[in-house]
1. Report, as a whole number in µm² per second, the diffusion coefficient that Stokes-Einstein gives for region 115-178 at 4 °C and 1.567 mPa s using the Kirkwood radius over alpha carbon pairs.
2. Whose amide H sits under 5 Å from the amide H of VAL33, counting only residues 5 or more places off or on another chain, with H placed in the peptide plane?
3. Measure nothing but the geometry: give the 0 to 90° angle between the long axis through the Cα atoms of 161-173 and the longest principal axis through the Cα atoms of the chain, rounded to 10°.
4. Applying the Karplus parametrisation 6.51 cos²θ - 1.76 cosθ + 1.60 with θ = phi - 60° to the phi angles of region 63-79, what ³J(HN,Hα) value in whole Hz is obtained for each residue in order, glycine and proline being reported as x?
5. Determine the calculated [θ] at 222 nm for the chain from helices alone, applying -39500 (n - 2.57) to every DSSP H run no shorter than 4 residues and normalising by the residue count; nearest 500 deg cm²/dmol.
6. Put one equal scatterer on each alpha carbon of region 1-78, apply the Debye formula with no solvent term, and list log10 I(q)/I(0) at q = 0.23, 0.26 1/Å to two decimals.
7. Evaluated at 4 °C with a viscosity of 1.567 mPa s, what Stokes-Einstein diffusion coefficient in µm²/s does the chain have when Rh comes from the Kirkwood expression over alpha-carbon pairs?
8. I need the shape label for region 24-126. Rule: rounded when a/c is under 1.5, else prolate if a/b > b/c, else oblate, with a, b, c from the alpha carbon gyration tensor.
Amino acid sequence: MQRTLLLYSTVDGHTKRIIERIRDRLEAQDHYVQLAELERCQLDVSQFDKVVIGASIRYGNYRPALFEFIRNNLVPLQQRPCAFFSVNLVARKPGKNTPQTNAYVAKFLQQSPWQPALLGVFAGKLNYPQYAWRDRLVIRFIMWLTKGPTAADTVREYTDWGKVELFADQVAGLGSSQ
Ligand SMILES: Cc1cc2nc3c(=O)[nH]c(=O)nc-3n(C[C@H](O)[C@H](O)[C@H](O)COP(=O)(O)O)c2cc1C
């Protein structure tokens, strides 16, 4: 049975929801899956056949812990089939919603010594009421600049869940030809 480690780095929980959907899809295909928050992960990467890492963007950046984890586990990550996905709001835009066209996937590949075989990008969630006032102000301004919703009570999920499930199926197939 394939053992897959799913790790997520989130601030508001949306990346966790996405990776839980991936977990459900893999479990439905009889994969053994363990899910953990990257920042608290005590698991040994080398005990798994595959690793998937998902991380969200905040003010243009991933959290430093993402790259720290990659550096600390570089050899086992490089030795097995792996995937990475980015969660951000730029990906709500057609033309910026594929690993080839999303600037934050490119940024990840520039910053990471680990270059996973499979890449994904998913549009995240906009939730003004949940944000601190300063974040709300900044994000509303960015949304105004990029022609997104600016009403202060907007809660909108842009994630294409079909695309998430397709990605999960690609994870299931990772390394199967090796
Ligand atoms: C304070 C803040 C800053 C953000 N900065 C960016 C950004 O620079 N670019 C972007 O595309 N999305 C940005 N987002 C959108 C998040 O990536 C999106 O809400 C995502 O769903 C968050 O995932 P998480 O809940 O797993 O952290 C930002 C969101 C917040 C709240």
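1. On the way: Rh = 14.2 Å.
Rounded, D is 91 µm²/s.
2. Excluding prolines and chain starts, which carry no amide H, the hits are THR4.
3. Roughly 20 degrees, rounded to the nearest 10.
4. 6, x, 4, 4, 6, 5, 4, 4, 4, 6, 10, 4, 5, x, 5, 6, 8
5. Value at 222 nm, helices only: -11000 deg cm²/dmol.
6. Taking Cα atoms of region 1-78 as identical point scatterers yields -1.11, -1.30.
7. Values: Rh = 16.7 Å.
Using the Kirkwood radius from Cα pairs, D works out to 78 µm²/s.
8. On the way: a/c = 1.75, a/b = 1.37, b/c = 1.28.
The shape class here is prolate.
Taken together, the values in this text are just the output of simple stated rules run on the coordinates, not laboratory data. If you're wondering where the values come from, they're calculated on a predicted model, not measured in any experiment. Glycine also receives a Cβ, built like all others from the backbone with ideal geometry; neighbour counts cover every protein chain displayed.
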